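One structure is given here, and the rest of the page talks about it.
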Amino acid sequence: MTALLADEAYARDLDARDDLAAFRDRFHLPPATIYLDGNSLGLVSRDAEATLVRALDQWRRLGIDGWTQAEPPWYFTGEELGQLTAPLVGARADEVVVTGTTTVNLHALVATFYQPQRGRGKLVCADLDFPSDLYALASEVALQGRDPARDLVRVRSRDGRTLDEDDIIAAFTDDVALAVLPSALYRSGQVLDMARLTAAAHARGILIGFDGAHSVGALPHAFDQWQVDFAFWCGYKYLNGGPGCAGGLYVNRRHFRRLPALRGWWGYDKERQFDMAPHFKGAKGAGRWQISTPSLFACAALYGSLGIFAEVGLTAIRAKSLALTDYLIALVDELAEDGYAVGTPREHPRRGGHVAVEHADAPRICKALKARGVIPDFRPPNVIRLAPIAFYTSFQDVFQAAQHLHAIVAGGEHLRYAEGREVVA
Ligand SMILES: *Cc1c(COP(=O)(O)O)cnc(C)c1O
(Lines give C-alpha, C1' and ligand atoms only; values in the text may rest on other atoms or scores of the structure.)
Protein backbone atom coordinates (compact mmCIF):
# COMPACT_ATOMS: atom_id res chain seq x y z
CA MET A 1 0.00 0.00 0.00
CA THR A 2 1.24 3.46 -0.87
CA ALA A 3 1.81 5.75 2.05
CA LEU A 4 -1.04 8.27 2.19
CA LEU A 5 1.49 11.09 2.21
CA ALA A 6 2.67 10.04 -1.24
CA ASP A 7 -0.79 9.46 -2.68
CA GLU A 8 -2.41 12.68 -3.82
CA ALA A 9 -4.60 10.71 -6.21
CA TYR A 10 -6.30 9.18 -3.19
CA ALA A 11 -7.24 12.65 -1.89
CA ARG A 12 -8.56 13.59 -5.32
CA ASP A 13 -10.58 10.42 -5.36
CA LEU A 14 -12.09 11.17 -1.96
CA ASP A 15 -13.08 14.62 -3.21
CA ALA A 16 -14.61 13.16 -6.35
CA ARG A 17 -16.81 10.90 -4.22
CA ASP A 18 -17.76 13.63 -1.72
CA ASP A 19 -21.50 14.42 -1.76
CA LEU A 20 -20.92 17.77 -0.06
CA ALA A 21 -18.16 18.97 -2.38
CA ALA A 22 -20.45 21.49 -4.07
CA PHE A 23 -21.04 23.39 -0.82
CA ARG A 24 -17.51 24.75 -0.95
CA ASP A 25 -18.72 27.25 -3.57
CA ARG A 26 -21.36 28.52 -1.17
CA PHE A 27 -18.60 29.93 1.05
CA HIS A 28 -16.09 32.73 0.68
CA LEU A 29 -12.72 31.11 1.16
CA PRO A 30 -9.80 33.44 1.90
CA PRO A 31 -7.69 33.52 -1.27
CA ALA A 32 -4.66 31.23 -1.52
CA THR A 33 -5.18 29.70 1.90
CA ILE A 34 -6.07 26.36 3.39
CA TYR A 35 -8.38 27.43 6.18
CA LEU A 36 -8.35 24.96 9.08
CA ASP A 37 -9.59 27.26 11.82
CA GLY A 38 -13.36 26.96 11.40
CA ASN A 39 -13.58 25.75 15.00
CA SER A 40 -12.43 29.19 16.16
CA LEU A 41 -14.10 31.34 13.52
CA GLY A 42 -16.23 29.72 10.86
CA LEU A 43 -16.16 31.27 7.40
CA VAL A 44 -18.91 33.34 5.82
CA SER A 45 -21.25 31.66 3.37
CA ARG A 46 -22.93 33.51 0.53
CA ASP A 47 -26.20 32.69 2.32
CA ALA A 48 -25.04 34.31 5.57
CA GLU A 49 -23.74 37.31 3.70
CA ALA A 50 -27.14 37.73 2.05
CA THR A 51 -29.11 37.68 5.30
CA LEU A 52 -26.65 40.08 6.91
CA VAL A 53 -27.01 42.51 4.02
CA ARG A 54 -30.77 42.01 4.21
CA ALA A 55 -30.76 43.21 7.83
CA LEU A 56 -28.87 46.33 6.85
CA ASP A 57 -31.30 46.97 4.03
CA GLN A 58 -34.27 46.54 6.38
CA TRP A 59 -32.80 49.08 8.76
CA ARG A 60 -32.31 51.47 5.84
CA ARG A 61 -35.85 51.02 4.56
CA LEU A 62 -37.86 50.49 7.72
CA GLY A 63 -36.12 52.17 10.64
CA ILE A 64 -37.98 51.35 13.85
CA ASP A 65 -40.65 49.41 11.95
CA GLY A 66 -38.10 46.69 11.27
CA TRP A 67 -39.05 45.23 14.66
CA THR A 68 -42.50 44.36 13.35
CA GLN A 69 -42.44 44.70 9.58
CA ALA A 70 -39.10 43.27 8.53
CA GLU A 71 -39.30 39.85 6.94
CA PRO A 72 -38.86 38.08 9.33
CA PRO A 73 -39.68 40.66 12.05
CA TRP A 74 -36.72 41.53 14.24
CA TYR A 75 -38.85 41.23 17.35
CA PHE A 76 -38.80 37.40 17.20
CA THR A 77 -35.16 37.03 16.18
CA GLY A 78 -34.05 35.08 19.25
CA GLU A 79 -37.00 32.70 19.15
CA GLU A 80 -36.87 32.14 15.39
CA LEU A 81 -33.17 31.46 15.32
CA GLY A 82 -33.70 29.20 18.34
CA GLN A 83 -36.27 27.24 16.35
CA LEU A 84 -33.78 26.89 13.48
CA THR A 85 -31.06 25.74 15.87
CA ALA A 86 -33.21 23.25 17.81
CA PRO A 87 -32.67 20.33 15.36
CA LEU A 88 -28.93 20.71 15.78
CA VAL A 89 -29.14 20.05 19.51
CA GLY A 90 -32.03 17.58 19.63
CA ALA A 91 -34.50 19.92 21.29
CA ARG A 92 -38.00 21.27 20.79
CA ALA A 93 -38.26 24.67 19.19
CA ASP A 94 -39.29 26.48 22.38
CA GLU A 95 -36.39 25.02 24.36
CA VAL A 96 -33.78 26.94 22.38
CA VAL A 97 -33.17 30.64 21.98
CA VAL A 98 -30.37 32.54 20.28
CA THR A 99 -29.17 35.30 22.57
CA GLY A 100 -26.14 36.67 24.36
CA THR A 101 -22.77 35.01 23.91
CA THR A 102 -21.23 31.91 25.40
CA THR A 103 -19.84 33.31 28.63
CA VAL A 104 -22.84 35.59 29.19
CA ASN A 105 -25.25 32.71 28.67
CA LEU A 106 -23.22 30.58 31.05
CA HIS A 107 -23.72 33.27 33.69
CA ALA A 108 -27.44 33.60 33.01
CA LEU A 109 -27.99 29.84 33.28
CA VAL A 110 -25.63 29.00 36.11
CA ALA A 111 -26.98 31.90 38.18
CA THR A 112 -30.39 30.29 37.75
CA PHE A 113 -29.51 26.63 38.20
CA TYR A 114 -26.79 26.81 40.83
CA GLN A 115 -28.83 26.92 44.02
CA PRO A 116 -26.52 25.66 46.73
CA GLN A 117 -28.21 24.27 49.82
CA ARG A 118 -26.81 23.38 53.18
CA GLY A 119 -24.88 20.14 52.67
CA ARG A 120 -25.24 20.35 48.86
CA GLY A 121 -23.29 23.35 47.70
CA LYS A 122 -20.59 22.18 45.32
CA LEU A 123 -20.29 22.84 41.61
CA VAL A 124 -18.40 20.25 39.52
CA CYS A 125 -16.49 21.33 36.43
CA ALA A 126 -13.52 20.11 34.39
CA ASP A 127 -9.93 21.14 34.85
CA LEU A 128 -9.37 21.11 31.08
CA ASP A 129 -12.34 23.36 30.37
CA PHE A 130 -12.00 26.62 28.48
CA PRO A 131 -10.61 29.29 30.84
CA SER A 132 -13.53 31.70 30.39
CA ASP A 133 -15.87 29.01 31.71
CA LEU A 134 -13.63 28.43 34.72
CA TYR A 135 -13.47 32.15 35.51
CA ALA A 136 -17.23 32.48 35.15
CA LEU A 137 -18.00 29.39 37.26
CA ALA A 138 -15.65 30.54 40.03
CA SER A 139 -17.37 33.93 40.06
CA GLU A 140 -20.82 32.31 40.25
CA VAL A 141 -19.69 30.26 43.25
CA ALA A 142 -18.32 33.43 44.88
CA LEU A 143 -21.58 35.29 44.16
CA GLN A 144 -23.33 32.72 46.32
CA GLY A 145 -21.04 33.71 49.18
CA ARG A 146 -18.98 30.56 48.84
CA ASP A 147 -15.29 29.90 48.42
CA PRO A 148 -14.40 28.60 44.94
CA ALA A 149 -11.28 26.95 46.37
CA ARG A 150 -13.59 24.68 48.32
CA ASP A 151 -16.84 24.55 46.39
CA LEU A 152 -15.72 24.58 42.75
CA VAL A 153 -14.56 21.01 42.14
CA ARG A 154 -12.35 20.73 39.07
CA VAL A 155 -12.12 17.16 37.84
CA ARG A 156 -8.53 16.45 36.81
CA SER A 157 -7.31 14.83 33.63
CA ARG A 158 -5.09 11.78 33.89
CA ASP A 159 -3.15 12.43 30.70
CA GLY A 160 -3.44 16.21 30.27
CA ARG A 161 -5.60 15.71 27.16
CA THR A 162 -8.77 13.91 28.00
CA LEU A 163 -11.21 13.37 30.84
CA ASP A 164 -12.34 10.00 32.05
CA GLU A 165 -16.12 9.88 32.56
CA ASP A 166 -15.53 7.57 35.53
CA ASP A 167 -13.50 10.31 37.24
CA ILE A 168 -16.25 12.86 36.61
CA ILE A 169 -18.93 10.53 37.95
CA ALA A 170 -16.77 9.83 41.00
CA ALA A 171 -16.95 13.57 41.71
CA PHE A 172 -20.78 13.45 41.68
CA THR A 173 -21.05 13.12 45.45
CA ASP A 174 -23.99 13.95 47.72
CA ASP A 175 -22.68 17.45 48.43
CA VAL A 176 -22.80 18.51 44.75
CA ALA A 177 -25.60 20.80 43.53
CA LEU A 178 -24.66 21.30 39.88
CA ALA A 179 -22.24 20.06 37.21
CA VAL A 180 -21.23 22.21 34.22
CA LEU A 181 -19.06 20.42 31.68
CA PRO A 182 -17.83 20.91 28.14
CA SER A 183 -19.47 18.73 25.48
CA ALA A 184 -16.11 18.65 23.69
CA LEU A 185 -12.77 19.77 25.08
CA TYR A 186 -11.42 22.78 23.24
CA ARG A 187 -7.85 21.53 23.13
CA SER A 188 -7.91 17.78 22.48
CA GLY A 189 -11.35 17.71 20.87
CA GLN A 190 -12.52 14.82 23.07
CA VAL A 191 -16.32 14.52 23.17
CA LEU A 192 -17.73 13.52 26.54
CA ASP A 193 -20.46 10.93 26.91
CA MET A 194 -23.22 13.43 27.69
CA ALA A 195 -25.97 10.81 27.95
CA ARG A 196 -24.06 8.83 30.54
CA LEU A 197 -22.98 11.88 32.54
CA THR A 198 -26.51 13.25 32.61
CA ALA A 199 -27.98 9.98 33.83
CA ALA A 200 -25.29 9.67 36.50
CA ALA A 201 -25.80 13.24 37.70
CA HIS A 202 -29.57 12.86 37.91
CA ALA A 203 -29.26 9.54 39.75
CA ARG A 204 -27.49 11.53 42.49
CA GLY A 205 -29.87 14.47 42.50
CA ILE A 206 -27.44 16.76 40.66
CA LEU A 207 -28.45 19.15 37.87
CA ILE A 208 -26.19 19.20 34.79
CA GLY A 209 -25.48 21.65 31.98
CA PHE A 210 -23.11 21.50 29.00
CA ASP A 211 -21.04 24.05 27.14
CA GLY A 212 -21.52 23.01 23.53
CA ALA A 213 -19.19 25.59 21.98
CA HIS A 214 -16.95 22.92 20.46
CA SER A 215 -19.62 20.51 19.32
CA VAL A 216 -22.80 22.34 18.24
CA GLY A 217 -22.76 22.44 14.45
CA ALA A 218 -20.10 19.73 14.27
CA LEU A 219 -22.05 16.70 15.47
CA PRO A 220 -25.58 15.70 16.51
CA HIS A 221 -26.84 16.18 20.07
CA ALA A 222 -29.92 14.77 21.78
CA PHE A 223 -30.38 17.11 24.72
CA ASP A 224 -34.07 16.20 25.15
CA GLN A 225 -33.52 12.47 24.93
CA TRP A 226 -30.60 12.68 27.36
CA GLN A 227 -32.67 14.94 29.64
CA VAL A 228 -29.89 17.51 29.96
CA ASP A 229 -31.02 20.36 32.21
CA PHE A 230 -29.49 23.22 30.22
CA ALA A 231 -26.79 24.01 27.67
CA PHE A 232 -25.22 26.97 25.90
CA TRP A 233 -22.94 27.35 22.89
CA CYS A 234 -21.19 29.64 20.47
CA GLY A 235 -22.48 31.04 17.17
CA TYR A 236 -19.21 31.95 15.52
CA LYS A 237 -17.39 28.62 15.57
CA TYR A 238 -19.00 25.67 13.76
CA LEU A 239 -22.23 27.63 13.22
CA ASN A 240 -20.48 30.17 10.95
CA GLY A 241 -22.46 33.13 12.29
CA GLY A 242 -19.59 35.64 12.15
CA PRO A 243 -17.14 37.13 14.65
CA GLY A 244 -18.83 37.86 17.96
CA CYS A 245 -22.11 36.44 16.67
CA ALA A 246 -24.88 35.70 19.18
CA GLY A 247 -24.70 32.36 20.96
CA GLY A 248 -27.50 30.00 21.88
CA LEU A 249 -28.95 28.37 24.94
CA TYR A 250 -31.16 25.40 25.74
CA VAL A 251 -33.38 24.91 28.77
CA ASN A 252 -35.23 21.64 29.19
CA ARG A 253 -39.02 22.06 29.33
CA ARG A 254 -39.32 20.81 32.88
CA HIS A 255 -37.52 23.98 33.99
CA PHE A 256 -39.66 26.47 32.10
CA ARG A 257 -41.31 27.65 35.31
CA ARG A 258 -38.05 28.60 36.96
CA LEU A 259 -37.43 32.27 37.45
CA PRO A 260 -34.27 33.37 35.63
CA ALA A 261 -31.78 34.77 38.12
CA LEU A 262 -30.69 37.54 35.70
CA ARG A 263 -33.95 38.99 34.44
CA GLY A 264 -34.45 41.56 31.73
CA TRP A 265 -37.31 42.79 29.57
CA TRP A 266 -36.35 40.64 26.61
CA GLY A 267 -37.21 37.54 28.65
CA TYR A 268 -40.71 38.86 29.28
CA ASP A 269 -43.87 37.24 27.93
CA LYS A 270 -43.66 38.34 24.29
CA GLU A 271 -47.32 39.25 23.99
CA ARG A 272 -47.08 41.70 26.87
CA GLN A 273 -43.53 42.97 26.81
CA PHE A 274 -44.61 46.39 25.65
CA ASP A 275 -47.18 46.74 28.43
CA MET A 276 -44.14 48.00 30.32
CA ALA A 277 -45.46 46.49 33.56
CA PRO A 278 -43.23 46.81 36.64
CA HIS A 279 -43.22 43.12 37.61
CA PHE A 280 -41.52 40.41 35.55
CA LYS A 281 -43.71 37.88 33.79
CA GLY A 282 -41.44 35.41 32.02
CA ALA A 283 -41.92 34.12 28.48
CA LYS A 284 -43.11 30.52 28.25
CA GLY A 285 -39.99 28.93 26.81
CA ALA A 286 -36.23 29.23 26.89
CA GLY A 287 -36.78 32.78 25.62
CA ARG A 288 -37.31 33.70 29.27
CA TRP A 289 -33.51 33.56 29.70
CA GLN A 290 -32.95 36.39 27.24
CA ILE A 291 -31.92 39.58 28.97
CA SER A 292 -31.80 42.46 26.51
CA THR A 293 -32.51 43.49 22.94
CA PRO A 294 -30.81 41.19 20.43
CA SER A 295 -27.94 42.72 18.53
CA LEU A 296 -29.50 42.36 15.10
CA PHE A 297 -26.30 42.43 13.11
CA ALA A 298 -24.79 39.84 15.45
CA CYS A 299 -27.72 37.54 14.64
CA ALA A 300 -28.53 38.21 11.00
CA ALA A 301 -25.87 36.01 9.40
CA LEU A 302 -27.17 33.02 11.32
CA TYR A 303 -30.37 32.97 9.26
CA GLY A 304 -28.38 32.19 6.15
CA SER A 305 -25.94 29.92 7.88
CA LEU A 306 -28.56 27.81 9.66
CA GLY A 307 -30.35 27.44 6.33
CA ILE A 308 -27.34 25.53 5.02
CA PHE A 309 -27.39 23.26 8.07
CA ALA A 310 -31.06 22.50 7.40
CA GLU A 311 -30.32 21.83 3.74
CA VAL A 312 -27.48 19.39 4.39
CA GLY A 313 -28.53 17.81 7.69
CA LEU A 314 -26.29 16.86 10.58
CA THR A 315 -25.96 13.22 9.59
CA ALA A 316 -24.19 14.12 6.36
CA ILE A 317 -22.19 16.87 8.06
CA ARG A 318 -20.94 14.51 10.76
CA ALA A 319 -20.14 11.74 8.26
CA LYS A 320 -18.00 14.08 6.15
CA SER A 321 -16.36 15.60 9.23
CA LEU A 322 -15.35 12.16 10.49
CA ALA A 323 -14.05 11.16 7.07
CA LEU A 324 -11.92 14.33 7.02
CA THR A 325 -10.55 13.85 10.54
CA ASP A 326 -9.97 10.11 9.95
CA TYR A 327 -7.89 11.05 6.93
CA LEU A 328 -6.02 13.81 8.75
CA ILE A 329 -5.24 11.49 11.67
CA ALA A 330 -3.93 8.82 9.31
CA LEU A 331 -1.69 11.39 7.60
CA VAL A 332 -0.35 12.73 10.91
CA ASP A 333 0.42 9.15 11.98
CA GLU A 334 2.78 9.02 9.00
CA LEU A 335 4.54 12.13 10.32
CA ALA A 336 5.73 10.55 13.57
CA GLU A 337 9.37 10.84 12.51
CA ASP A 338 8.93 14.60 12.19
CA GLY A 339 7.82 14.67 15.83
CA TYR A 340 4.07 14.97 15.26
CA ALA A 341 1.50 13.01 17.27
CA VAL A 342 -2.29 12.92 17.42
CA GLY A 343 -3.79 14.06 20.73
CA THR A 344 -7.43 13.55 19.79
CA PRO A 345 -9.34 10.35 20.62
CA ARG A 346 -9.61 8.04 17.64
CA GLU A 347 -12.96 6.46 18.47
CA HIS A 348 -15.65 8.30 16.53
CA PRO A 349 -18.08 8.87 19.43
CA ARG A 350 -15.27 10.47 21.46
CA ARG A 351 -14.02 12.73 18.66
CA GLY A 352 -15.27 16.24 17.88
CA GLY A 353 -14.68 18.26 14.73
CA HIS A 354 -11.00 19.08 15.03
CA VAL A 355 -7.71 17.23 15.40
CA ALA A 356 -5.12 18.19 18.00
CA VAL A 357 -1.73 17.70 16.41
CA GLU A 358 0.92 17.74 19.10
CA HIS A 359 4.52 18.80 18.55
CA ALA A 360 7.24 20.04 20.91
CA ASP A 361 7.72 23.04 18.60
CA ALA A 362 4.02 23.73 18.02
CA PRO A 363 4.08 27.56 18.36
CA ARG A 364 6.79 28.01 15.76
CA ILE A 365 5.28 25.44 13.42
CA CYS A 366 1.99 27.36 13.58
CA LYS A 367 3.78 30.52 12.46
CA ALA A 368 5.47 28.66 9.62
CA LEU A 369 2.13 27.16 8.58
CA LYS A 370 0.55 30.61 8.42
CA ALA A 371 3.43 31.89 6.30
CA ARG A 372 2.64 29.04 3.92
CA GLY A 373 -1.03 29.98 3.80
CA VAL A 374 -2.30 27.22 6.08
CA ILE A 375 -4.44 28.59 8.93
CA PRO A 376 -4.35 26.53 12.13
CA ASP A 377 -4.49 27.76 15.68
CA PHE A 378 -2.14 27.13 18.53
CA ARG A 379 -3.22 26.08 22.01
CA PRO A 380 -0.58 25.90 24.73
CA PRO A 381 1.53 24.09 25.48
CA ASN A 382 2.02 22.00 22.36
CA VAL A 383 -1.15 21.72 20.31
CA ILE A 384 -1.68 22.68 16.67
CA ARG A 385 -5.45 22.55 16.21
CA LEU A 386 -6.60 21.68 12.71
CA ALA A 387 -10.31 21.72 11.93
CA PRO A 388 -11.38 20.52 8.50
CA ILE A 389 -14.96 21.73 8.02
CA ALA A 390 -17.50 19.55 6.23
CA PHE A 391 -18.93 22.40 4.14
CA TYR A 392 -15.75 23.90 2.80
CA THR A 393 -12.63 21.81 3.43
CA SER A 394 -11.60 19.37 0.75
CA PHE A 395 -9.62 16.16 1.20
CA GLN A 396 -6.96 17.75 -0.99
CA ASP A 397 -6.74 20.61 1.52
CA VAL A 398 -6.06 18.05 4.23
CA PHE A 399 -3.50 16.31 2.05
CA GLN A 400 -1.74 19.62 1.34
CA ALA A 401 -1.77 20.62 5.00
CA ALA A 402 0.03 17.39 5.88
CA GLN A 403 2.61 18.08 3.14
CA HIS A 404 3.24 21.49 4.70
CA LEU A 405 3.58 19.99 8.20
CA HIS A 406 6.24 17.66 6.86
CA ALA A 407 8.09 20.23 4.75
CA ILE A 408 8.33 22.71 7.62
CA VAL A 409 10.02 20.27 9.97
CA ALA A 410 12.11 18.58 7.27
CA GLY A 411 13.50 21.96 6.18
CA GLY A 412 13.87 23.33 9.70
CA GLU A 413 11.72 26.22 8.49
CA HIS A 414 10.02 26.78 11.84
CA LEU A 415 13.38 27.43 13.50
CA ARG A 416 13.45 30.84 11.81
CA TYR A 417 10.51 32.03 13.90
CA ALA A 418 10.61 33.35 17.44
CA GLU A 419 9.39 31.02 20.14
CA GLY A 420 6.14 31.74 21.92
CA ARG A 421 2.69 32.56 20.71
CA GLU A 422 1.10 35.63 19.20
CA VAL A 423 -1.52 37.65 21.11
CA VAL A 424 -4.45 35.96 19.38
CA ALA A 425 -3.04 32.51 18.79
C1 LIG B 1 -15.23 29.87 22.27
C2 LIG B 1 -15.60 29.53 23.66
C3 LIG B 1 -16.03 30.50 24.52
C4 LIG B 1 -16.06 31.93 24.05
O5 LIG B 1 -16.90 32.67 24.80
P6 LIG B 1 -17.39 34.10 24.38
O7 LIG B 1 -18.20 34.43 25.54
O8 LIG B 1 -18.13 33.98 23.10
O9 LIG B 1 -16.19 34.97 24.21
C10 LIG B 1 -16.38 30.12 25.81
N11 LIG B 1 -16.32 28.84 26.21
C12 LIG B 1 -15.90 27.87 25.37
C13 LIG B 1 -15.82 26.46 25.83
C14 LIG B 1 -15.52 28.19 24.08
O15 LIG B 1 -15.10 27.25 23.26
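The values are calculated or read from the model by the stated rules, or taken from the named source; none is laboratory data. Quick caveat: nothing in here was measured; it's all calculated off a predicted structure. Heads up, the Cβs are rebuilt from the backbone with ideal geometry, glycines too, and the neighbour counts pull from every protein chain shown.
Of note:
- Number of residues in the range 190-227 that are over 19 Å from R318 (Cβ atoms) and in contact with a strand residue (DSSP E or B) (Cβ under 8 Å, 6 or more places away or on another chain) equals 11.
- Inside the range 345-357, residues that are buried (at least 19 other Cβ atoms within 10 Å of the Cβ) and in contact with a helix residue (DSSP H, G or I) (Cβ under 9 Å, 6 or more places away or on another chain) make up a count of 6.
- Residue in the range 276-297 that is in contact with a Pro (Cβ under 7 Å, 6 or more places away or on another chain), over 25 Å from D15 (Cα atoms) and of a type outside the set (D, E, K, R) present: yes
- Considering (1) within 15 Å of the ligand (Cβ to nearest atom); (2) acidic (D, E); (3) over 18 Å from G247 (Cα atoms), the lone condition that D147 does not fulfil carries the number (1).
- Hits in the range 87-111 - residues which are more than 16 Å from the ligand (Cβ to nearest atom), touching a strand residue (DSSP E or B) at 6+ places or on another chain (Cβ under 8 Å) and either of a type outside the set (A, V, I, L, M, F, W, C) or outside the structural domain of Y135 (by TED's automatic domain parsing) (or both): E95
- Count of residues meeting criterion [of a type in the set (F, W, Y) and crowded, with 21+ Cβ neighbours inside 10 Å] in the range 277-334: 2
- Any hit, the range 114-133, residues being among the β-branched types (V, I, T), in the same structural domain as R253 (by TED's automatic domain parsing) and within 14 Å of the ligand (Cβ to nearest atom): no
Conditions (1) farther than 20 Å from T103 by Cβ; (2) in contact with a Cys (Cβ under 7 Å, 6 or more places away or on another chain); (3) within 16 Å of the ligand (Cβ to nearest atom), marked per residue:
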position: T198; (1), (2), (3): yes, no, no
position: L239; (1), (2), (3): no, no, yes
position: V251; (1), (2), (3): no, no, no
position: W266; (1), (2), (3): no, no, no
position: R288; (1), (2), (3): no, no, no
